[in-house]
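Okay, here's the structure, questions in a sec.
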Amino acid sequence: MATARLDMRLSPDIKAKAEKASALLGVRSLTEYIVKLIDENSTKVIQQYESMTVENDIFDNFIQICERMHAPNKKLTEAAAFTKKQGIK
């Protein structure tokens, strides 16, 4: 059950359009419609900023280089510690 609240003000035109859209989609309430939009959009934005897609040849080259590497050097160890400290996954 949702317990967090979000207070927002919007123009009458935007509210009317949102109400019409929610009705056309058969959503029970304007709140439910807005929550659905926020959830879907937030997921997309987070995914966009927290993931990376690379071409197969670039990935294969990266793996080959990783397999040739020995123990991490000081700079790599520092970079790993920094990303961990920043909460980067």
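The values are calculated or read from the model by the stated rules, or taken from the named source; none is laboratory data. Note that the coordinates shown come from a computational prediction; the quantities given were computed from them, not determined experimentally. Cβ placement follows ideal geometry from the backbone for every residue including glycine, while neighbour counts extend to all protein chains displayed.
How many residues are small (Gly, Ala, Ser) and either surrounded by 16 or more Cβ atoms within 10 Å (Cβ to Cβ) or in a helix (DSSP H, G or I) (or both) if we restrict to the stretch 21-35?
3
Give me a count of the residues in the stretch 1-57 that are closer than 30 Å to Ile88 by Cα and small (Gly, Ala, Ser).
Residues that pass the stated criteria total 4.
Hey, does the stretch 38-57 have a residue that's of a type in the set (Gly, Ala, Ser), surrounded by 10 or more Cβ atoms within 10 Å (Cβ to Cβ) and at negative phi?
Checked against the condition, which is being of a type in the set (Gly, Ala, Ser), surrounded by 10 or more Cβ atoms within 10 Å (Cβ to Cβ) and at negative phi, the stretch 38-57 yields at least one hit.
Within the stretch 10-31, which residues are modelled with pLDDT of 95 or more and either of a type in the set (D, E, K, R) or under 30 Å from Gly87 (Cβ atoms) (or both)?
Asp13, Lys15, Lys17, Glu19, Lys20
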